[in-house]
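One structure below.
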Amino acid sequence: MITLPREITKHHHQVCKTLEDKWGRNAYLRGIEIGTKAGDLTKALLAYFPNLELTTMDPWLHQPGEGFEAGNKQDYHNQQKAQALKCLHPFGDRVKIYELTSDEAFKVLRDEGMVDFVHIDGHHTTEQVTKDINNYIQLVQYGGLIGGHDYRLVPDVTVAVDAIFKEGVQTGADFTYWVHVERNNYEKCFNSYSE
């Protein structure tokens, strides 16, 4: 049974449960999180999985005219970054934090080896979610998971996920989704990207 602090949301519980159901709590895992924000999910994952090494990224940058947090003023992003750095500091070298967009971080991470899972909760446009899935699925070993947040809540996220995977999308509490990365959906992903 997952026991996390009360301030951890259903979304965080669901991600932990999904990973635990697949690998167990003490597995040696490597993962990537797109969209650090204040570090809440990052902290929950690192606290719950003692052998997890996690890479997380967020540009913490005001993007005029954009929805969700991206459109908030720069002060908001500065506060989110400060909170993330503070709460993640105790995890030392188990966490790598990149102050980059997911596109920028991909250029760095594509040479660092395969991971067990990727969680996407970054920029919520159809174009960016599509790019994130197509880029980061390349880094997930077969048998791993790629998923994220806001599926069936944010139309752009839903459109991107459904267009790429069409089937095999599993859902959980608080609009989470995940897909098991196997050769057949990996190849479909690249076919949808090149069309």
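Just so it is clear, none of the values below were taken in a lab; they were calculated from the coordinates. Computed from a predicted model, the values in this text were never measured in an experiment. FYI the Cβ positions are ideal-geometry reconstructions off the backbone, even for glycines, and counts take in every protein chain you see.
Structure notes:
- Only Lys, Arg (+1) and Asp, Glu (-1) charged, at Cβ; the stretch 10-194 dipole about Cα centre in debye: 380
- Of Lys10/Lys73; Lys43/Lys107; Lys10/Lys37; Lys22/Lys131; Lys37/Lys73, pairs whose Cα-Cα distance is over 22 Å: Lys10/Lys73; Lys43/Lys107; Lys22/Lys131
- Between the listed residues Val129, His77, Gly65, the Cα displaced farthest toward the positive end of the dipole of the stretch 51-195, a dipole computed from Cβ unit charges relative to the Cα centre, is found at His77.
- Multiplying the residue separation of Thr171 and Leu61 by 0.36 nm and subtracting their alpha-carbon distance yields 36.6 nm.
- Estimated from helical segments only, the mean residue ellipticity of the chain at 222 nm is -12500 deg cm²/dmol, where each DSSP H run of four or more residues counts as -39500 (n - 2.57).
- Where only C-alpha atoms are counted, convex hull volume of the chain per residue in Å³: 115
- By the beta-carbon count within 10 Å of each Cβ, the least crowded to most crowded order of Glu33, Glu182, Glu20, fewest first, is Glu182, Glu20, Glu33.
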